[in-house]
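Okay, so here's the structure we're looking at.
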Amino acid sequence: MPYDVVNTAEATALAAGRPHSLLHVDRAEIGLPPETDPYSDAVYARARANFEGLQRQGVLRRETEPCLYLYQQWMGDHVQRGLVAGCHVEDYDAGLIKRHEKTRKDKEDDRTRLIDTLGADTGPVFLTYRDQPTLTLLADALVRTAPEHDFTAPDGIRHTVWRIPGGSEWIRAFAAVPVTYIADGHHRAASAARVARLRRERNPAHCGDEEYNWFLCVLFPANELKILPYNRIVLDLHGLAIDAFLAEVRARFGLREGAAPAPAAVGQVSMYLGGKWYGLTCTPAADADPVARLDVSVLQDRLLGPVLGIADVRTSKRIDFVGGIRGTAELTKRVDAEGGVAFSMYPVTLAQLMNIADAGQIMPPKSTWFEPKLRSGLFIHTF
């Protein structure tokens, strides 16, 4: 799984008894004393040593010729197929690989140093693009052949990989894709671009074709992707009694009791409070821009900020976020045990994400949760 969806304790548990886990590279602090600073020189040195060890042992095998891969994931009845390839950092810098999130400096600094230390991208960036029939036909034909790898991980996700030697037909077909969008992996993309700039500065003979100018990506057609909601829990009612809080909500939204825990459409939010589910109607202003029209923005601007005092969700310790993969039962369990109020969101759509990126705007924090996640360790790009 991606390095950034688990904390140190979870990474330690996942890697226990698994010496070949890539977490020993991506989260090398798990092999050092607990008091070790995760950003210390020792962590990056250990990551490099572990990475080199996996190669010496033959756990990681190097391709002998250029190739692409088709990567298919099954999660329940959902299937998505992406092309594993290298994308050029100039496309990222030029805005042809579009972003919709800000990055955190500490996380970006960490991945930049790790990528530069390893001389490798160990985790792919998750990209999407507006569907192209030619690429769909190529994928349809390939999946009828025998795969290179096919396994089901402990979490139930099935991963299947087909090798594409050369890949020239796919590369020509992708010429019809004008732009791509980062679905997940903003820090990995930004860090790869930073590493390329650092390496250019160190290389007086730089020409633009060096491997450090490319970074590892998986490109999925938008119609195959599944965005799950990113739900919110506010740990208290900011000093308000339940009746007073409900009055504030009623004054700002359409409000009804007995709503379903999962909202059925854009513009609806389900709220869990005091053992009951309520339905909120989020109607944005007529002149709202693409970001302000999002349900998470309407909720923040009308309720979380002015009523509950959550001025900045990035820094407030009074709000928590629950990925939709955990379901709404997690919300009721948390609120029943800890108090406060939970908000079950309808997922942001791919069209909303692309419109925001096309407008050069930034999504609010914790707006999207993509599942299934790309599995680390299947593909690595070295330079």
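Coordinate-derived values only; no laboratory data. Note that the structure is a prediction, hence the values are computed from the model and not measured. Because the Cβ atoms are built from the backbone with ideal geometry, glycine has one as well, and the counts that use them run over all protein chains shown.
What is the dipole size for region 3-56, taken about its Cα centre, with +1 at each Lys and Arg Cβ and -1 at each Asp and Glu Cβ, in debye to the nearest 20?
Using Cβ point charges on Lys, Arg, Asp and Glu, region 3-56 gives about 300 debye.
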Cα convex hull of region 272-336: mean projected area in nm², to one decimal?
5.4 nm²
Compute the distribution of all C-alpha to C-alpha distances in region 307-383, in bins of 10 Å from 0, and list the percent of pairs in each, rounded to whole numbers.
13, 33, 34, 16, 4, 0
Here, GluC sites (Glu not before Pro) of region 5-51 satisfying both criteria (DSSP loop; at most 10 other Cβ within 10 Å) are E35
Treat every Asp and Glu Cβ in region 230-346 as -1 and every Lys and Arg Cβ as +1, leave all other atoms uncharged, and give the resulting dipole magnitude about the Cα centre to the nearest 20 debye.
140 debye
Return the distance in nm (one decimal) between the two label points of a simple spin-label model at A9 and L255, each offset 7 Å from Cα along Cα→Cβ.
3.6 nm
Please list, in order, the residues from region 298-326 whose amide nitrogen is less than 13 Å from a point placed 7 Å along the Cα→Cβ vector of K102.
312-316
Note: D109 to R144 extended length (0.36 nm per residue) minus current alpha-carbon separation gives 8.4 nm
What lysines could a cross-link reach from K105, if we take a straight Cα to Cα line under 24 Å and drop same-chain neighbours fewer than 8 places away?
K317, K366, K373
Along Cα→Cβ, 7 Å out, is where each label goes; now give me the distance between the ones at H238 and V266 in nm to one decimal.
2.7 nm
Contact order relative to length for region 96-250, counting C-alpha pairs under 8 Å separated by 6 or more residues, stands in percent at 39 percent
Computed over region 86-174: relative contact order in percent, which uses C-alpha pairs under 8 Å that are six or more apart:
17 percent
Lys/Arg Cβ at +1, Asp/Glu Cβ at -1, dipole of the chain taken about the Cα centre: which of V125, S297, T332 is farthest positive-ward?
T332
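Relative to the compact globular guide of 2.2 N^0.38 Å, what is the alpha carbon radius of gyration of region 230-346, as a ratio?
Values: Rg = 13.0 Å, N = 117, 2.2 N^0.38 = 13.4 Å.
For region 230-346, the normalised Cα radius of gyration comes out at 0.97.
Return the Rg/Rh ratio of region 3-56 with Cα-based radii and a Kirkwood Rh. Numbers along the way, then the final one.
Values: Rg = 10.3 Å, Rh = 11.1 Å.
Ratio value, two decimals: 0.93.
Explain nothing, just the number: relative contact order of the chain, from Cα pairs under 8 Å at least 6 residues apart, as a whole percent.
22 percent.
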Quote to one decimal, in nm, the extra length available between W74 and R61 on full extension: 0.36 nm per residue of separation minus the C-alpha distance between them.
2.2 nm
18 Å tail of the calculated P(r), region 86-221, as % of Cα pairs
62 percent
How large is the charge dipole for the chain, taken about the Cα centre, if only the Cβ atoms of Lys, Arg (+1) and Asp, Glu (-1) carry charge, to the nearest 20 debye?
220 debye
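Could you give me D for region 10-134, from Stokes-Einstein at 4 °C and 1.567 mPa s, where the hydrodynamic radius is the Kirkwood radius over C-alpha pairs? Units µm² s⁻¹, please.
It comes out at roughly 75 µm²/s.
A285 to L198: extension gain in nm, 0.36 nm per residue of separation minus the Cα-Cα distance? Walk me through the intermediate numbers first.
Numbers: separation 87, 0.36 × 87 = 31.32 nm, distance 4.48 nm.
Full extension from A285 to L198 adds 26.8 nm.
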Between Y212, T180, A94, whose Cα lies farthest towards the positive end of the dipole of the chain when Lys and Arg beta carbons carry +1 and Asp and Glu beta carbons carry -1, centred on the Cα centre?
T180
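For region 122-180, what is the Kirkwood estimate of the hydrodynamic radius, computed as the reciprocal of the mean inverse distance between distinct Cα atoms, to one decimal in Å?
With all distinct Cα pairs of region 122-180 included, I get 13.6 Å.
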Coordinate range along principal axes, alpha carbons of region 242-288, Å, largest first:
35, 24, 11
